[in-house]
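Visitor: Dumping the structure here so I can ask a few things about it.
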Amino acid sequence: MKIIGSIPEVKAILRPLQAQGLRIGLVPTMGALHAGHLSLVREAKKHAEVIVASIFVNPKQFGPSEDLTRYPRDLEGDAKKLEGEGVGVLFAPAAEVMYPEGHQTGVSIGRVSRGLCGDHRPGHFDGVATVVLELFSIVRPDVAVFGEKDFQQLAVLRALARDLHLDVRIAGAPLVREADGLAMSSRNVYLSPDDRTRALSISAGLFAAKTAYDAGERAAETLLGLVRGHLSASGLVPEYLELRRFEDLAPLDRADAPSVLLTAVRVGSTRLIDNLILRRP
Ligand code: AMP
């Protein structure tokens, strides 16, 4: 696996492969990799011969009071994991490479970036879309894989690719959980043992709602009430907790259409997101 920090170098490696007709799969990440990230690599391998992973802790998607400087970083450990999965190129640029002096262009995403995380992280999705568009321009992937863990982000990036007519297929991959139900996240390392136990109420609540859904319950109020009950028993209050339509994230009162429960919860100083798909289209 080649580890590259320069844009001309990554282009010089990829363009001849693309000229040979090899398909490129891109897996963008912020590093501190876990099994969820590696599942994206495996998904990418289904659609492409050459896999490029990127690691970039993107300053443009962090708010001023967020965890940019303390975000976990482990390039060496990450590189070993990616190599073990058969990744061919790891693109790990410095911030000055992606945003050199004079950089002034950004993407602005509309409706799908509002509500849910968008309301609590102003500018976040514009920052994500901007860096992902840069990565697409550099790598020119045939397919790019993103996790359903960040469900709204996936919807934002589908809108980006569709609206700007990008020749890239956006593929989603299922959310990967720890054995006890906690959604895998690089931010889980921030949790104290007590916080981690309390955080289990998030997935437990979502699972309880899914059980009720499978038994025929469709009212959003009832399904969300089950999640809220689990959270409050652990002393947690969600930042948001909503039922949304699967395809376009429109708010729903009833889970009659394909739908997903989405939540963000602050546990101690750590903001966690989770979601559960009740039914796929
Ligand atoms: P991050 O490094 O957290 O920005 O995530 C990079 C990519 O990995 C995004 O597409 C995420 O949606 C995906 N991802 C993160 N955690 C998980 C998870 N637990 N399961 C599936 N995908 C994930």
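The values are calculated or read from the model by the stated rules, or taken from the named source; none is laboratory data. This one's a predicted model, so the numbers in the text were calculated from it and none came from an experiment. Glycine also receives a Cβ, built like all others from the backbone with ideal geometry; neighbour counts cover every protein chain displayed. Protein only, heavy atoms only, side chains kept; ligands, DNA and RNA dropped before computing areas. Shrake-Rupley method; radii C 1.70, N 1.55, O 1.52, S 1.80 Å.
Visitor: Leaving out ligands and nucleic acids, note down the accessible area per residue over the chain with a 1.4 angstrom probe, in whole Å².
Guide: Normalised by residue count, the accessible surface of the chain is 46 Å².
Visitor: Something else: Which order, highest average first, do 78-90, 120-132 follow once you tally other Cβ atoms within 10 Å for each residue and take the mean per peptide?
Guide: Ranked from most to least packed, the peptides come out as 120-132, 78-90.
Visitor: Could I ask something else about it? Give me the percent of accessible area attributable to carbon and sulfur for the chain, probe 1.4 angstrom.
Guide: 52
Visitor: What does the helix-only formula give at 222 nm for the chain: each DSSP H stretch with n ≥ 4 adding -39500 (n - 2.57), the total divided by the residues, and the result rounded to the nearest 500 deg cm²/dmol?
Guide: Per the formula, -12000 deg cm²/dmol.
Visitor: Can you tell me, using C-alpha contacts under 8 Å and at least 6 residues apart, the relative contact order of the range 142-187 as a whole percent?
Guide: Dividing the mean separation by the residue count of the range 142-187 yields 43 percent.
Visitor: Rounded to the nearest 10 degrees, what's the angle between the helix 151-163 long axis and the longest principal axis of the chain, both from Cα atoms, 0 to 90?
Guide: Once rounded, one gets 50 degrees.
Visitor: Could you name the aspartates and glutamates whose alpha carbon sits less than 18 Å from that of residue 11, not counting residues in the same chain fewer than 8 places away?
Guide: 49, 96, 134, 142, 167
Visitor: Another question, if that's okay. Rounded if a/c is under 1.5, else prolate if a/b is larger than b/c, else oblate: which is the range 153-281, with a ≥ b ≥ c the root eigenvalues of its Cα gyration tensor?
Guide: oblate
Visitor: Further question: Could you work out the relative contact order of the range 64-200? I mean the mean sequence separation of Cα pairs under 8 Å and 6+ apart, divided by the number of residues, in percent.
Guide: Rounded, it is 19 percent for the range 64-200.
Visitor: Percent antiparallel among DSSP beta bridges with both residues in the chain, to the nearest 5?
Guide: Bridges in the chain are about 50 percent antiparallel.
Visitor: Can you work out the PRE-style zone for residue 197? Point 7 Å along Cα to Cβ, and I want the residues of the range 227-254 with backbone N under 15 Å.
Guide: Those under the cut-off are 233-236.
Visitor: Dipole of the range 1-74 (Lys/Arg Cβ +1, Asp/Glu Cβ -1, origin at the Cα centre): which of 19, 29, 65 lies farthest to the positive side?
Guide: Of the listed residues, the answer is 19.
Visitor: Suppose every Lys and Arg Cβ carries +1 and every Asp and Glu Cβ carries -1, with no other charges. What dipole size does the chain come out with about its Cα centre, to the nearest 20 debye?
Guide: With only Lys, Arg, Asp and Glu charged at Cβ, the dipole is about 360 debye.
Visitor: Per 10 Å bin, what percent of the C-alpha pairs of the range 42-124 does each bin hold, from zero upward?
Guide: 14, 33, 35, 18, 0
Visitor: Rg/Rh for the chain: what does it come to with C-alpha atoms and Rh from Kirkwood?
Guide: Result: Rg/Rh = 0.97.
Visitor: Roughly how many whole Å is it from the C-alpha centroid of the range 115-191 to that of the range 41-109?
Guide: Rounded to whole Å, the Cα centres lie 12 Å apart.
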